[in-house]
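One structure is given below, encoded as structure tokens.
The values are calculated or read from the model by the stated rules, or taken from the named source; none is laboratory data. Not measured: the values here are computed from a predicted model. Glycine gets a Cβ as well: all are built from the backbone with ideal geometry, and neighbour counts include every protein chain shown. SASA here: full protein model, heavy atoms, side chains in, ligands and nucleic acids out. Shrake-Rupley method; radii C 1.70, N 1.55, O 1.52, S 1.80 Å.
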Amino acid sequence: MTGSEKLGAITTINSLVITATATGSQLATSLQVNNVYVDNSTNALAFDGLIYQALIPGSGSYVYTMATGNAGTGTPLTSDGAGGKIEIDTVLKSMWDNYRLSPDTMWVNSQEALNISRKILAGSQIAAQRFVFETAQDLMGGGIMVRTYLNRFSMQGGSVVDIRVHPNMPAGTILMTTKILPYPLAGVGNVVQIRTRQDYYQIEWPLRTRKYEYGVYADEVLQNYFPPSLALITNIGNG
């Protein structure tokens, strides 16, 4: 019924299986302002993040979108049987072949951190894996987490990409960033940086009512001098 639509689900891939009427509590009418629906997916007072910059057409960033697969399930990362991931290696190879770039950090959600660790450890028995053991008296810990990934496409013949869990990285997405370019750019010290005109500051506004009013502000912008230094794998199924 018009005006009674509800938010039924949130998905991190491009498909969803609906088997029953939505039972959520947020109505579509809550998005209206003066009877006009408002898009709250962006904020005019906040700069665009790295994911958005990578997705802009013509940015030069490599974007790998996983196949749709089964509705509601999607397509997870594929093991190569040798301790690696086919999709990750495809991205790393493309960055090297096109720009001679070797990313240094892979930003993931907790879901991808867990799935990557499980799939690498569940690879073939002859998988090329590296284990670092530390011993201490009366100490034993359980659980294994893959913290780095070997990039086979670099000047060093093999470089290490750190895998880091980011609190705001959406599930089903992996972002790769590069700190150092193999060729200099005049006047550019950092590939990505925050340019700040005024850091966080607080203003206590004069009393107008019995309410205590104050504001916290920052005047800054995100600078990305070379968007091809970014790469994105998206629409990753959980598994």
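What the table below lists for this structure:
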| item | result |
| --- | --- |
| Residues being under 17 Å from P170 (Cβ atoms), of a type in the set (S, T, N, Q) and not in a strand (DSSP E or B) - total across region 208-239 | 2 |
| Leading residue by the ranking (nearest to P170 (Cα to Cα)) among those in region 94-113 that are surrounded by 15 or more Cβ atoms within 10 Å (Cβ to Cβ) and of a type in the set (G, A, S) | A113 |
| Residue match in region 79-87 (condition: in contact (Cβ under 8 Å) with a residue 24 or more places away in the chain, in a helix (DSSP H, G or I) and either at positive phi or in contact with a Phe, Trp or Tyr (Cβ under 8 Å, 6 or more places away or on another chain) (or both)) | yes |
| From the options S15, S30, S41, residue that is under 30 Å from S229 (Cα atoms), without any contact (Cβ under 8 Å) to a residue 60 or more places away in the chain and open to solvent by less than 80 Å² (accessible area, probe 1.4 Å) | S15 |
| Region 102-123 - residue that is among the polar types (S, T, N, Q) and part of a helix (DSSP H, G or I) and, of those, farthest from the chain's Cα centre (by Cα) | S117 |
| Only listed residue being closer than 18 Å to T173 by Cα, part of a strand (DSSP E or B) and at pLDDT 95 or above, chosen from V91, V63 | V63 |
| Strands (runs of 3 or more DSSP E) completely within region 145-193 that count 2 or more residues being at pLDDT 90 or above, open to solvent by less than 20 Å² (accessible area, probe 1.4 Å) and in contact with a Gly (Cβ under 9 Å, 6 or more places away or on another chain) | 148-151 |
| One residue from N40, N14 being touching a helix residue (DSSP H, G or I) at 6+ places or on another chain (Cβ under 8 Å) and outside any strand (DSSP E or B) | N40 |
| One residue from G24, G74, G84 being open to solvent by less than 90 Å² (accessible area, probe 1.4 Å) and farther than 30 Å from A122 by Cα | G24 |
| Which listed residue, of S61, S79, is in contact with a Lys or Arg (Cβ under 7 Å, 6 or more places away or on another chain), surrounded by 14 or more Cβ atoms within 10 Å (Cβ to Cβ), within 24 Å of V160 (Cβ to Cβ) and among the small types (G, A, S) | S79 |
| Selected residue (criterion: surrounded by the fewest Cβ atoms within 10 Å (Cβ to Cβ)) from residues of region 194-239 that are over 30 Å from A122 (Cα atoms) and of a type in the set (G, A, S) | G215 |
| Condition broken by T68, with the remaining ones in (1) part of a loop (DSSP other than H, G, I, E, B); (2) under 26 Å from N224 (Cα atoms); (3) at pLDDT 90 or above satisfied | (2) |
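Matching residues to (1) β-branched (V, I, T); (2) within 28 Å of the chain's Cα centre (by Cα):
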residue: A22; (1), (2): no, no
residue: T29; (1), (2): yes, no
residue: V33; (1), (2): yes, no
residue: V38; (1), (2): yes, yes
residue: N43; (1), (2): no, yes
residue: L50; (1), (2): no, yes
residue: I56; (1), (2): yes, yes
